[in-house]
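The values are calculated or read from the model by the stated rules, or taken from the named source; none is laboratory data. Quick caveat: nothing in here was measured; it's all calculated off a predicted structure. As a convention, Cβ positions derive from the backbone with ideal geometry for all residues, glycine included, and neighbour counts pool all protein chains shown.
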Amino acid sequence: MTTGKTILPTFLVVGANKGGTTSIYHYLKQHPEVYLSPIKEPHYFSKDIDVNQFKKEFAHNKLQDIEKYVQGDMKQEFHAAFVRSEEQYLKLFKNVTSQKAIGELSTSYLYSTVAATEIKKLIPNCKIIICLRNPIERAYSHYRMNLWTGNSNEFDFHKALLEDYQHQPKVWGNAHLYTEIGMYYQQVKRYLDTFGAENVKVIFTEDLKKNSAQVIRDLYTFIGVDPSFNPDTSTQYNEVYTPKYKNLTWFLNKSGIRPFMKRISPKFLKGAVVKLFYKQKADKGQMPPAAKSFLLEKLGPDVHALESLLNKDLSGWLK
């Protein structure tokens, strides 16, 4: 363990939410020259996110006792927490030894209006990775994730979209932001303006799925580690199941029973519960045409602006 000096990330993956960042985390983590925060998403730089406004069912799935965790050995990994202390944030990197690239992956950083500036203040030479997914597919995947975690009990996607679009307060952890998170243009532009194009790497979820090993090797080059390392990219992480019993799933999460059982149950029991209560991964259902029309109307102009910004044809997103 390195002691006596401040260790900061050299790169950050800033989003987008439901864009494949969990898979990227596991692929990057395999490289012996890469160190990643054991809390995959500490969300530290999203200073505009107010944890006091979180809905109970959203907060259920996040690590609560951060101080106890960072004072320990941090051998157990957690998906997310909302770290608000710089001292706690720095302790996430206390176990760095000889790794060349140090990072973390927080999906709120792309949506946050202040994260880019906050990162620049603390880590001026930081490398930024952005993974963008078709925003219409992203919204539907986000909705399905909320059914899977019991974070929503609206079982019609179109109704869920309309309700969320009008929801107040429109803040992370309270509203779902199905539409807003997919408005990438200003989000990406903030990072390009703040860090410069040479320090920002934009990749696409579609490419990550089609040729994941090559995409990850390109990221190895970008963050300054040996690109000849061959990662195992055969597993896609954080995939979503559709509940068979949606009201029951929502109740178990709302009451706190599901998050508690998830923490204490052995792996084999979790697998049995998934088989009993959830459909196969391939059974994603169909997006209602009205929902797709709504998203096309709201997101179409933003996609065109992003095309110009990145000089990339994204017309496939709008089909």
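Scanning the stretch 131-181 for residues that are among the aliphatic types (A, V, I, L, M) and surrounded by fewer than 18 Cβ atoms within 10 Å (Cβ to Cβ), which turns out farthest from the chain's Cα centre (by Cα)?
L162
So is I216 out of contact with any strand residue (DSSP E or B) (no Cβ under 7 Å at 6 or more places or on another chain), within 20 Å of L105 (Cβ to Cβ) and touching a residue at least 40 places away in the same chain (Cβ under 8 Å) or not?
The answer is yes for I216.
State which residue pairs qualify: first residue more than 24 Å from D50 (Cβ to Cβ) and in contact (Cβ under 8 Å) with a residue 40 or more places away in the chain and inside the stretch 145-172, second residue small (G, A, S) and surrounded by fewer than 17 Cβ atoms within 10 Å (Cβ to Cβ) in any location, beta carbons under 7 Å apart, and separation of 6 or more residues or different chains.
Between residues of the stretch 145-172 that are more than 24 Å from D50 (Cβ to Cβ) and in contact (Cβ under 8 Å) with a residue 40 or more places away in the chain and residues that are small (G, A, S) and surrounded by fewer than 17 Cβ atoms within 10 Å (Cβ to Cβ), the close pairs are H158/A290.
Counting just the residues of the stretch 196-229 that are in a helix (DSSP H, G or I) and of a type in the set (F, W, Y), which one comes out nearest to S98 (Cα to Cα)?
Y220
S85 versus (1) over 13 Å from the mean Cα position of the chain (by Cα); (2) under 18 Å from F11 (Cα atoms); (3) of a type in the set (S, T, Y): which is the lone unmet condition?
Every listed condition holds for S85 apart from (2).
What single numbered condition from (1) surrounded by fewer than 14 Cβ atoms within 10 Å (Cβ to Cβ); (2) on the phi < 0 side of the Ramachandran plot; (3) of a type outside the set (V, I, T) fails to hold for G196?
Only one criterion in (1) surrounded by fewer than 14 Cβ atoms within 10 Å (Cβ to Cβ); (2) on the phi < 0 side of the Ramachandran plot; (3) of a type outside the set (V, I, T) is unmet by G196, namely (2).
Within the stretch 49-77, how many residues turn out to be under 19 Å from W148 (Cα atoms) and either touching a Lys or Arg at 6+ places or on another chain (Cβ under 7 Å) or touching a residue at least 60 places away in the same chain (Cβ under 8 Å) (or both)?
Residues in the stretch 49-77 being under 19 Å from W148 (Cα atoms) and either touching a Lys or Arg at 6+ places or on another chain (Cβ under 7 Å) or touching a residue at least 60 places away in the same chain (Cβ under 8 Å) (or both): 8 in total.
A quick yes/no check of all residues on (1) touching a Gly at 6+ places or on another chain (Cβ under 7 Å); (2) modelled with pLDDT under 65; (3) closer than 17 Å to I128 by Cα:
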| position | (1), (2), (3) |
| --- | --- |
| N174 | no, no, no |
| Y178 | no, no, no |
| G224 | no, no, yes |
| N253 | yes, yes, no |
| L269 | no, yes, no |
| V273 | no, yes, no |
| L276 | no, yes, no |
| Q280 | no, yes, no |
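So S315 ticks every box in (1) at pLDDT 65 or above; (2) under 30 Å from H31 (Cα atoms); (3) over 22 Å from the mean Cα position of the chain (by Cα) but one. Which box is left unticked?
(2)
Which condition breaks for H43 when tested against (1) surrounded by fewer than 21 Cβ atoms within 10 Å (Cβ to Cβ); (2) on the phi > 0 side of the Ramachandran plot?
(1)
Kindly check whether there is at least one residue in the stretch 49-69 that is under 26 Å from L306 (Cβ atoms), surrounded by 14 or more Cβ atoms within 10 Å (Cβ to Cβ) and in contact with a Gly (Cβ under 8 Å, 6 or more places away or on another chain).
yes
Can you give me the number of residues within the stretch 213-234 that are under 25 Å from G182 (Cα atoms) and touching a helix residue (DSSP H, G or I) at 6+ places or on another chain (Cβ under 7 Å)?
The total comes to 3.
Checking the structure you have, find out if any residue of the stretch 203-212 is surrounded by fewer than 16 Cβ atoms within 10 Å (Cβ to Cβ), among the small types (G, A, S) and within 22 Å of F11 (Cβ to Cβ).
The answer is no; no qualifying residue exists.
In the stretch 32-90, how many residues are basic (K, R) and in contact with a Phe, Trp or Tyr (Cβ under 6 Å, 6 or more places away or on another chain)?
Counting residues in the stretch 32-90 that are basic (K, R) and in contact with a Phe, Trp or Tyr (Cβ under 6 Å, 6 or more places away or on another chain) gives 1.
For the stretch 108-130, state whether one or more residues are in contact with a Pro (Cβ under 8 Å, 6 or more places away or on another chain), surrounded by 17 or more Cβ atoms within 10 Å (Cβ to Cβ) and either modelled with pLDDT under 95 or over 18 Å from S46 (Cα atoms) (or both).
Within the stretch 108-130 (the criterion being in contact with a Pro (Cβ under 8 Å, 6 or more places away or on another chain), surrounded by 17 or more Cβ atoms within 10 Å (Cβ to Cβ) and either modelled with pLDDT under 95 or over 18 Å from S46 (Cα atoms) (or both)), the answer is no, since none of the residues qualifies.
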